[in-house]
Each structure stands twice: as structure tokens, then as C-alpha cells.
């Protein structure tokens, strides 16, 4: 199992939550304040930012098949997102998806999608 931090449409009640169905919800969590989240037109993208916020999200335990599905959804192979270690409050970490493309001109979402 891989511990994964989700912050947007994958969260419970989110439009893409079905992509994480069958995995194990652990708890809600927040990142360290080193990220920003931007509205990409119906879904968010989180990027590293020196003037970041503590982004709200959820932690899930995801099996290998589930992780492969998430990589497809997030277009890891196409270079839209990269799965990396996300710094969480309390000196914890989990894997998560950082947006790799340009965000200038995209609305800042604040700390919660």
C-alpha cells in the first residue's frame, strides 16, 4: 500500500472520487505551507511555492492497481502531473500529484478545493 494525499476532485464527494473507490480512507490532513493550488478549469493543480499555503486534503492507502489508475487520471505519462512526496503537517509525508505546467493566469484556489 502507498499512502497518497489527494486535494481536489479525488476527495470524498468529488467529481473523480470513483477513481479512488475501493481504497482505504485514512484521515483528513494538510500540507506544510509550501504549496499553492490553482483552478485549471474544473479541477485543481497544486504546485510548490515559497509563499505557499497549507493545503487541505485527504490521506488514502492505495494499492498498486489503484495507484496505476490514479497515474492515468493525472496524466503522469503525458507530463501534466508528477507523483512526488508531499510534505504534510506534523513532519509526515505521503505521495501526491504536483501540477507540472504553467499556472500563470490561473485563479489561486486558496487552501481548499
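Nothing in this text is a laboratory measurement; each read-out follows from the coordinates by a stated rule. The model shown is predicted, which means the values in this text are computed figures rather than measured ones.
So how many Å³ per residue does the convex hull of the Cα atoms of the chain work out to? If you can, show how the numbers build up before the last one.
On the way: hull volume 10.4 nm³, N = 113.
Roughly 92 Å³ of hull volume per residue.
If contacts are Cα pairs under 8 angstrom and at least 6 residues apart, what is the relative contact order of the chain in percent?
Numbers: 244 pairs, mean separation 39.4, N = 113.
Result for the chain is 35 percent.
Counting only C-alpha contacts under 8 Å and six or more residues apart, can you give the relative contact order of segment 7-68 as a whole percent? Working shown, then result.
Numbers: 103 pairs, mean separation 24.1, N = 62.
39 percent.
Assuming 0.36 nm per residue, please report the length gained on full extension of the stretch residue 26 to residue 89 beyond their Cα-Cα distance. Provide the component values of the computation, followed by the final result.
Values: separation 63, 0.36 × 63 = 22.68 nm, distance 1.50 nm.
Using 0.36 nm per residue and subtracting the Cα-Cα distance, I get 21.2 nm.
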Rounded if a/c under 1.5, otherwise prolate or oblate - segment 55-105, Cα gyration tensor axes: oblate
